[in-house]
Each structure stands twice: as structure tokens, then as C-alpha cells.
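The values are calculated or read from the model by the stated rules, or taken from the named source; none is laboratory data. Note that the coordinates shown come from a computational prediction; the quantities given were computed from them, not determined experimentally. Glycine gets a Cβ as well: all are built from the backbone with ideal geometry, and neighbour counts include every protein chain shown.
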Amino acid sequence: MNGAQHVVIAIDGPAASGKSSTAQWVAQQLAFRHVDSGALYRAATAAQLRRGTGEESWTEEEVCEAARKVRLVPRGTSFTPLIDGQSVDEELRGLEVTKHVSRVASMPRVRDWVNDRVREAARDHDVVVDGRDMGTAVFPDATLKVFLVADPWERARRRLVQQLGRSPTDEEIAEETGRLVQRDARDATQTVQAKDAILIDTTYLTQEEQVERIVALVKAVTQRDSTTSAVDDDSGPG
Ligand code: CDP
């Protein structure tokens with residue numbers, strides 16, 4: 001169990017590996033909260049894009065200042081970033097933000113800012129957190145760490161189904177696969193699989209199956225931890 005004595009489930013993995021939707025679903029099943037760290041990187045990027053200055057001239061200081069307009073607020077069993085108090089869900093998933101987010105995420109002070117927001121959100125709840133480095137940089141003592149991977153073509157296909165609401169053509173998938181692979185490369189340094197993470201390849205799994213697997217793992221680990229602490233209590237003086 002982590003130092004905060006709350007359960008923390010860390011789900012990491014590359015772009016479009018299904019982390020956020022899986023994390024949200026797992027959180028709902030377990031009555032935990034879900035915190036999406038990627039949404040914070042996207043919100044900092046959107047806030048900076050709103051300033052309208054050319055990307056080449058962006059400084060870390062400027063992006064951190066823009067990020068001050070972002071608040072992470074509870075919404076249902078999850079949290080959502082607001083910019084200047086307004087909901088920005090659509091903007092965050094848009095092409096412009098997706099194109100620039102890796103650059104913003106490579107800035108150490110932006111990473112500190114995101115990590116502080118995620119830890120704050122996790123302070124008072126059992127949580128499922130998702131991102132690239134939740135099980136390493138942010139919650140090294142997480143109760144359970146999962147690293148989700150999937151074949152790039154399948155990741156691209158799923159992302160397009162989500163965006164277009166229909167079956168994409170092979171050409172569309174090929175194009176999206178190219179973009180994903182490029183983003184994987186730009187995100188490589190910040191995407192870290194923890195040594196003690198359980199690797200799940202979701203290429204041939206349905207979303208339901210991957211959620212079931214993770215929920216079963218959480219139950220096994222939390223049961224084992226409570227048995228271990230009961231044994232520890234018994235063995236004390238007394
Ligand atoms: O959903 P998808 O995997 O496409 O992206 P996301 O989770 O919304 O993350 C968007 C971007 O934020 C990534 O491409 C990374 O550049 C960055 N990110 C990161 O660096 N570290 C995290 N813990 C989460 C996201």
C-alpha cells in the first residue's frame with residue numbers, strides 16, 4: 001500500500017493503448033476515482049495555444065504561466081480540467097493539441113505541475129491514475145501497476161473508431177498509424193514501464209476483457225495486502 005494509505009492503481013502505456021477509457025471503467029467498477037494525467041498535459045497545451053504565439057518561441061516559463069489558468073475539478077467519479085473555469089473536453093482531443101502536446105510534456109516544470117495536480121487529486125481517494133509515468137515518477141509505491149500495449153495498427157483503428165464513430169478505411173488507419181508511431185517516438189523518454197508493472201497486450205482483447213483482468217488483479221492484490229497486514233498485526237507483541 002502506498003504512503004497515503006489509499007489504493008493507487010497506475011495504468012501506463014503508449015498513445016491510444018486504451019489507458020483512459022480502461023482506467024475510467026475500472027474506477028467505476030471499484031467505486032474509485034479516475035485521474036487522467038494526459039488530460040492535464042493536453043489542457044496546459046490548449047491554454048498555451050490560446051495565447052496565439054508561434055510554437056517555435058514557446059518557453060517553459062510561458063507554458064507554466066498558461067497552465068495556471070487550468071483547474072482540475074471533480075466530475076462524477078473522475079476529474080476534468082477547466083481552462084478559465086470553462087469545460088474544454090472537445091478542444092483537448094483536437095488535432096492542434098495532439099500535435100503540440102508532446103513538446104509541452106517534455107518540459108520538466110510542466111511535468112512537475114501535472115504531477116502535483118495528480119497527487120493532489122489522489123490524496124483523499126482510492127484512485128486509478130493513467131498516463132506514461134504514473135507507476136514510475138509519480139506513484140512508485142502504487143498498489144498495482146499495469147502497462148498496456150497494443151499493436152500500432154490496432155491502436156490507430158480504435159482511436160479512429162472513437163473519433164469518427166464508424167469503421168475507418170485501411171488508408172485512414174495507415175495514416176493514423178503513422179501519426180501514432182511519430183508521437184510514440186516523441187514521447188519515448190517520458191513513457192516508462194515500471195519494473196514491477198504487469199504488462200497487458202490488448203491487441204486481441206475487448207475493452208471488457210481488459211477491464212475484467214485489471215479489476216481481478218486489483219482484487220487479488222488488495223486481498224493479499226490485507227491478509228499480509230492481518231498476519232503482521234498478529235505477529236506483533238501483545
Ligand atoms: O490518449 P493518448 O494516449 O493519445 O494521450 P494522452 O494520455 O491524452 O496524453 C497526451 C500526451 O501527454 C502524450 O502524447 C504525452 O506527450 C503526454 N503525457 C505524458 O508525457 N505523461 C503522462 N503521464 C501522460 C501524458
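Per-structure values
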read-out	value
Sole exception among (1) over 18 Å from Thr203 (Cα atoms); (2) without any contact (Cβ under 8 Å) to a residue 12 or more places away in the chain for Val101, by number	(2)
Residue identified as surrounded by fewer than 16 Cβ atoms within 10 Å (Cβ to Cβ) and in contact with a Pro (Cβ under 9 Å, 6 or more places away or on another chain) among Arg71, Arg50	Arg71
Condition met for Asp133 (in contact (Cβ under 8 Å) with a residue 12 or more places away in the chain and in contact with a Lys or Arg (Cβ under 7 Å, 6 or more places away or on another chain))	no
Options Arg155, Arg159: the member that is farther than 23 Å from Val215 by Cβ and either within 14 Å of the ligand (Cβ to nearest atom) or of a type in the set (D, E, K, R) (or both)	Arg159
Leading residue by the ranking (surrounded by the most Cβ atoms within 10 Å (Cβ to Cβ)) among those in segment 184-228 that are among the basic types (Lys, Arg) and part of a helix (DSSP H, G or I)	Arg213
Some residue of segment 148-155 being over 29 Å from Arg103 (Cβ atoms) and not in a strand (DSSP E or B)	no
Residue satisfying condition, being under 19 Å from Thr203 (Cα atoms) and not basic (Lys, Arg), within set Ala27, Ala15	Ala15
From Val97, Val7, Val114, residue being within 13 Å of the ligand (Cβ to nearest atom) and over 22 Å from Leu160 (Cβ atoms)	Val114
Search result, residues across segment 117-136 that are within 13 Å of the ligand (Cβ to nearest atom) and surrounded by fewer than 19 Cβ atoms within 10 Å (Cβ to Cβ)	Arg119
Arg71 being over 16 Å from Gly131 (Cβ atoms), at pLDDT 95 or above and among the basic types (Lys, Arg)	yes
Tally, over segment 144-183, of residues that are surrounded by fewer than 19 Cβ atoms within 10 Å (Cβ to Cβ) and either closer than 30 Å to Thr222 by Cα or in contact with a strand residue (DSSP E or B) (Cβ under 7 Å, 6 or more places away or on another chain) (or both)	1
